[in-house]
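Colleague: My structure is below; once you've seen it, I'll send some questions.
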Amino acid sequence: MAIITVFPGTNAIQNAVNMATSGDVILVNEGVYNESITITTNNIRIVTSSREVFLDGNNTLANAFILTGITGVEINRFNIANYTSDGITLNNSDFNLITRNTITDVGEDGIDLESSVGNLLLKNKIKNVGGTGIEISDSSNNNWAVDNKVRENTGDGILITESSAANGVFGNLIVNNNGAGILVSGDFNIFERNKINENENNGILLQATANDNFIFRNKFDDNEPNNIINNGIDNNFLRNNLD
């Protein structure tokens, strides 16, 4: 295992990623980095030395991080802003850890999972993005979104599409999104202990294709027009607090 230290410069993080081999740690020092990073190596950690590490897309770059066909990568504690597409995109990428990142002012989704399995999205802050805060789509199964703060986004707070199943959404704060707090079209997902407040297209909206989901011990407050809309079949509700 090697520790590769990065300081601001042209394509500095991408150059370090290109050098890395499985098991390496890329340590990014404070500063502003204007780059889009494509991860091509499994089992590396990309972490920051402080909270003052900024990825700025200058409203011209598409994504801050792109993972395609990648496993076992950690992305930890970046400030991500001003990208035209997504903050972090995982495509056909499994068992990665996306944690403690702050994503604001990107054109589309904060974190976008496509055809990806077993990822953990933990303690991220996603605010004021042009699309959905967290999107789980295209047969993305068995992912966990835990203790994230998802607020004031143009679309839904969290979106789980029809083909995605058995995902867990636990302990998230989902507030004041222009779409639904949580929009669900898939089956067998679990939503537990989330705080879902003041969203403009219902707190949780279960579409007609959303069946056999479990909605337990969530707190709903002041969502419009309703806290819960259930259009699916055999969805299970227990001990939710509706104000």
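The values are calculated or read from the model by the stated rules, or taken from the named source; none is laboratory data. This one's a predicted model, so the numbers in the text were calculated from it and none came from an experiment. Cβ coordinates were reconstructed from backbone atoms using ideal geometry, including for glycine residues, and neighbour counts include every protein chain displayed. Protein only, heavy atoms only, side chains kept; ligands, DNA and RNA dropped before computing areas. Shrake-Rupley method; radii C 1.70, N 1.55, O 1.52, S 1.80 Å.
Colleague: Please report the spacing between the Cα centers of segment 102-126 and segment 195-242 in Å, no decimals.
Modeller: Going from one Cα centre to the other spans 21 Å.
Colleague: Could I ask something else about it? Keeping to pairs on different chains or 8 or more places apart, tell me how many lysine pairs in the chain have Cα atoms under 14 Å apart.
Modeller: 5
Colleague: On to the next question. If eta is 1.306 mPa s and T is 10 °C, what Stokes-Einstein diffusion coefficient results for the chain, Kirkwood Rh from Cα pairs, in µm²/s?
Modeller: The estimated diffusion coefficient comes to 89 µm²/s.
Colleague: If you bin every alpha carbon distance in segment 146-194 into 5 Å steps from zero, what whole percent lands in each bin?
Modeller: Result returned by the calculation: 7, 22, 30, 24, 16, 1.
Colleague: Would you kindly derive the ³J(HN,Hα) couplings of segment 177-189 from the backbone phi angles with the Karplus curve 6.51 cos²θ - 1.76 cosθ + 1.60 (θ = phi - 60°), listing them in order in whole Hz, with x for Gly and Pro?
Modeller: In residue order, the calculated couplings are 8, 6, x, 6, x, 10, 10, 10, 10, x, 10, 6, 8 Hz.
Colleague: Give me the one-decimal nm value for the distance between modelled label points at ASN236 and ASN43, 7 Å along each residue's Cα-to-Cβ direction.
Modeller: So the two model labels end up 3.7 nm from each other.
Colleague: For the chain, report the accessible area per residue in Å² (1.4 Å probe, heavy atoms, rounded to an integer).
Modeller: Per residue, the chain has an accessible area of 40 Å².
Colleague: Let me ask something else about it. What does the charge count near ALA12 come to, summing +1 for each Lys or Arg and -1 for each Asp or Glu among other residues with Cβ under 14 Å from its Cβ?
Modeller: Net charge around ALA12: -3.
Colleague: Still on this model: Can you send over the carbon and sulfur percentage of the accessible area for segment 6-95, probe radius 1.4 Å, protein chains only?
Modeller: In segment 6-95, the share of accessible area belonging to carbon and sulfur is 47 percent.
Colleague: From the mean inverse distance of alpha carbon pairs (Kirkwood) and the Cα radius of gyration, derive Rg over Rh for segment 157-224.
Modeller: Ratio of gyration radius to Kirkwood radius: 0.94.
Colleague: Can you pull the accessible area of VAL146 for me, 1.4 Å probe, Å² to the nearest 10?
Modeller: Spelled out: VAL146, probe radius 1.4 Å, area about 30 Å².
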